[in-house]
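Each remark here refers to the structure printed beneath this line.
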Amino acid sequence: MSTYRVVELPVRDIEFSEDLQNFKRNSDPKTGVVPGERLSGEYERLGTAPIVVWLRRDGSMVIITGRHRLDLARRMGEKTIPAQIVHERDGFTLADALI
């Protein structure tokens with residue numbers, strides 16, 4: 001079993017991919033956020049799970065899980081967000097991301 005360390009990623013560099021749409025019903029096709037389910041309040045780092053990002057071969061960083069947390073972090077002006085990264089170069093595929 002692999003372990004993935006948590007790193008701080010710039011929120012501005014994390015993208016949403018149409019290939020990897022949110023499975024939740026009525027999610028926004030551009031952000032993956034479900035209207036009416038947006039997180040509110042302050043973004044708290046303590047006790048908040050990291051998001052998971054897929055680092056593609058082309059260098060793009062695509063969000064896999066944590067769209068609502070990323071949305072809140074962006075709205076609160078956070079510059080970075082705790083994340084775990086999976087790498088396409090290591091064989092992580094779109095099929096893996098969709099699971």
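Every number in this text was worked out from the coordinates using simple rules, so none of it is lab data. No experiment lies behind these values; they were computed from the predicted model shown. For neighbour counting, all protein chains shown are included, and Cβ atoms are generated from backbone atoms with ideal geometry for every residue, glycine included.
Per-residue counts of other Cβ atoms within 10 Å, averaged by peptide: what ranking do you get for 69-79, 3-13, 43-53, highest first? Before the final figure, lay out each step's value.
Numbers: 69-79: 17.0, 3-13: 12.2, 43-53: 14.5.
Packing proxy ranking, top to bottom: 69-79, 43-53, 3-13.
Residues whose amide H lies under 5 Å from that of SER60, counting only those 5 or more places away or on a different chain, are absent; hydrogens are built 1.01 Å from N in the peptide plane.
Once the Cβ-Cβ distance between LEU39 and ARG12 is put in as r, and R0 is 22 Å, what FRET efficiency do you end up with, to the nearest 0.05? With a Förster radius of 22 Å, E is 0.70.
Stretching the chain fully between THR80 and VAL52 yields a gain of 8.7 nm (0.36 nm per residue, less the alpha carbon separation).
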